[in-house]
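The values are calculated or read from the model by the stated rules, or taken from the named source; none is laboratory data. Given the structure is predicted, the values throughout are model-derived calculations rather than measurements. Reconstructed Cβ throughout: ideal geometry from the backbone, glycine too, with neighbour counts over all protein chains shown.
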Amino acid sequence: MRTAPVLASVLAGTMVATSAAAAEPAPDKSRTTPQFCSVQIDIASTLPGGKHEDPDVKRVDAEIDKIFAAALKKAQNAAALNPYHQLTLLGTLGLYDKTLSVDKNLACTSCHNLDAGFTGGVSLWNQTIVANPGSVPDTKAKPPAPDYRIAARKPRTYGYAPFAPRLRYNAEQQEFVGGNFWDMRATGFVTGNPAGDQAEGPPLNPLEMGLPDSACVVYRLSQSAYKRLFERVWGAQSFAITWPANVEEVCAKPGPAPANDPLPVHLGASDRKTSNTAYARLVVSMAAYEATPDVSPFSSKLDYATAHPKEHVLTDEELAGEKLFRGKGKCDTCHLTPSNLAAKSIPTPGPSIDPRHLFKSQERGQVFTDFQDHNIGIPANYALPYYCETKPDQYGFVANPLGKKYVDEGVGGFLAGPSDPNPQWKKLAPEHDGRFRTPTVRNVDKRPRPDFVKAYMHNGFLKSLKEVVHFYNTRDVLPRCKDPLDPQAGTKCWPAPEVTANLDKTIGDLGLSSQEEDAVVAFLQTLTDGYKHTAAAGDAAGGSDGGGSPAPAP
């Protein structure tokens, strides 16, 4: 039944044949002993003002306030900006505005943190609960249930998201291509760009920002300090709406809206059309900002090496890792480079507000994704609190009535569900059960400090890049863990895949040594944006060919 949704050998290029079993790494310090539903974490106490306010929570919250305040100040002089920068400034404000959540306590960037590559910015949460708490506390919750509503997936980076093409089905390859979100449900059909469609989701997701009606977002925009900027960008009549007297009350109650009243802000047909248009224009503005160098700058060490091939920027280990990425490691089977981009018939990325930046993406071919979906056999992560959101909260909402029986079917779940825009695609759902959209690997190692733990894959099961590469290398080599919460996962065993259907057999037994795994990690770390080249860095690099020449541009 379908449910809810020694390094010298490497450097010289003469890699010693080593069995995958010999690649067993030391226990990963990023992985803590998992507990079902992360019952050991009192979410409320870690939040701003909480009894045990987490330092990363405090940092992220302060960063949001600082960037929002700076953008508001800039908006006061918006007339001095050109239309493009007015548009992207509006997108910035929308992404950093906490009032666009039901309890006015959560911005988009609360979950998509700049310092962590626009994904989860709290190390403690990445180690444990993975998903970020939503706007709404659950005042009736008793352990093991979480005391805040919380979703079932890791926040996916929105860096480079605007370069995804609109979702389509390639009948020749029998593959879906495009879309955003882990399950491709941000198709691009609504706003013309999957990044815009993606931005529409969180404000209305009851487990995230929690507003009951898109009109609530528009109403709060109409009351905001940047209302005039919105009108300057999109027209003086953007908020020409007669709001009902109870709009504040309606918008203070978390979604989802009642089944018998799906649009609880009661507007006339004309006002509803104006509101829908304003909401669409907000998310298009957000997508425009996400396409700027502030979010998608193409400024990594690899970018610099590609642009300056005579400066010998990459180290021997990074060069070895790049070779493995393209070859023995099979990474670019899905995280595409131009050498295999054409072979997969990837369409032109979705429309960008700044065509110069889009050209930069196409020219370098550096988005590192095939925009397709795959089931790589990630186990269920029973540390997610979502498995224990099984009882009604104070509003009667039950996030997960299936409890531990819940299976995340990924793209298959989307295709079989009500948000699939093409009825002809529903019959394809079983072929896509357990498959998730390939993310970019840009900024996959970006973090605010060296000891910061990141979570990887759709459910955050893996906790370090070393563990990620080791999983791809040994998924089919190590024995199955008897306990899905086994703390020795990745060293002695791997739990079974959450969904066994449609399992990708390209990976699982790559035969990499532990040192080769480390080299792949080193290459992935060259994809962190914000690289600053120095003469010392160039002198420290060198290649096994004696000249330190970087690899050809991916």
Item to check | residue 244 vs. criteria assigned to a loop (DSSP other than H, G, I, E, B) and within 29 Å of residue 113 (Cα to Cα) | outcome: no
Next on the checklist: I'm trying to understand the selection: among the residues of the range 416-429, which are buried (at least 17 other Cβ atoms within 10 Å of the Cβ) and within 21 Å of the chain's Cα centre (by Cα)?
Outcome noted: 420
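On the given criteria, is residue 60 touching a strand residue (DSSP E or B) at 6+ places or on another chain (Cβ under 6 Å) and modelled with pLDDT of 95 or more?
Values: touching a strand residue (DSSP E or B) at 6+ places or on another chain (Cβ under 6 Å): yes; modelled with pLDDT of 95 or more: yes.
When the stated conditions are applied, residue 60 passes them.
On the given criteria, is residue 175 modelled with pLDDT of 95 or more, of a type outside the set (Ser, Thr, Tyr) and closer than 25 Å to residue 239 by Cβ? Before you say what the answer is, go through the steps one by one.
Values: modelled with pLDDT of 95 or more: yes; of a type outside the set (Ser, Thr, Tyr): yes; closer than 25 Å to residue 239 by Cβ: no.
Taking the combined requirement at face value, the residue does not satisfy it.
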Item to check | Selection status of residue 543, at pLDDT below 95 and either under 25 Å from residue 437 (Cβ atoms) or of a type outside the set (Asp, Glu) (or both) | outcome: yes
Checklist entry - Which of (1) surrounded by fewer than 23 Cβ atoms within 10 Å (Cβ to Cβ); (2) assigned to a loop (DSSP other than H, G, I, E, B); (3) more than 22 Å from the chain's Cα centre (by Cα) is the odd one out, the single condition residue 304 does not satisfy? => result (2)
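Go through the range 463-478 and give me each residue that's among the aliphatic types (A, V, I, L, M) and not in a loop (DSSP other than H, G, I, E, B). So that I can check it myself, show each step before the final result.
First pass over the range 463-478, keeping only residues among the aliphatic types (A, V, I, L, M): 465, 468-469, 477-478.
If the condition is that a residue be among the aliphatic types (A, V, I, L, M) and not in a loop (DSSP other than H, G, I, E, B), then 465, 468, 469 are the ones that fit.
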Next on the checklist: I'm checking my understanding of the structure. Among residues of the range 375-415 that are touching a His at 6+ places or on another chain (Cβ under 9 Å) and not in a loop (DSSP other than H, G, I, E, B), which one is surrounded by the most Cβ atoms within 10 Å (Cβ to Cβ)?
Outcome noted: 411
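Residues that are among the small types (Gly, Ala, Ser): find the helices (runs of 4 or more DSSP H) completely inside the range 49-167 holding 3 or more of those. Break it down into steps so the answer makes sense when it comes.
Numbers: elements: 55-75, 83-95, 108-111, 123-127.
Passing ranges, in order: 55-75.
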Checklist entry - Which residue, of 149, 168, 153, is out of contact with any Lys or Arg (no Cβ under 9 Å at 6 or more places or on another chain), farther than 19 Å from residue 207 by Cβ and of a type in the set (D, E, K, R)? => result 168
Checklist entry - Which numbered condition trips up residue 219, out of (1) assigned to a helix (DSSP H, G or I); (2) within 16 Å of the chain's Cα centre (by Cα); (3) aromatic (Phe, Trp, Tyr)? => result (2)
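Look at residue 455 and say whether it is modelled with pLDDT of 95 or more, out of contact with any Asp or Glu (no Cβ under 6 Å at 6 or more places or on another chain), over 23 Å from residue 130 (Cα atoms) and crowded, with 16+ Cβ neighbours inside 10 Å. Reasoning before the result, please.
Numbers: modelled with pLDDT of 95 or more: yes; out of contact with any Asp or Glu (no Cβ under 6 Å at 6 or more places or on another chain): yes; over 23 Å from residue 130 (Cα atoms): no; crowded, with 16+ Cβ neighbours inside 10 Å: yes.
Considered against the rule, which asks whether it is modelled with pLDDT of 95 or more, out of contact with any Asp or Glu (no Cβ under 6 Å at 6 or more places or on another chain), over 23 Å from residue 130 (Cα atoms) and crowded, with 16+ Cβ neighbours inside 10 Å, residue 455 comes out as no.
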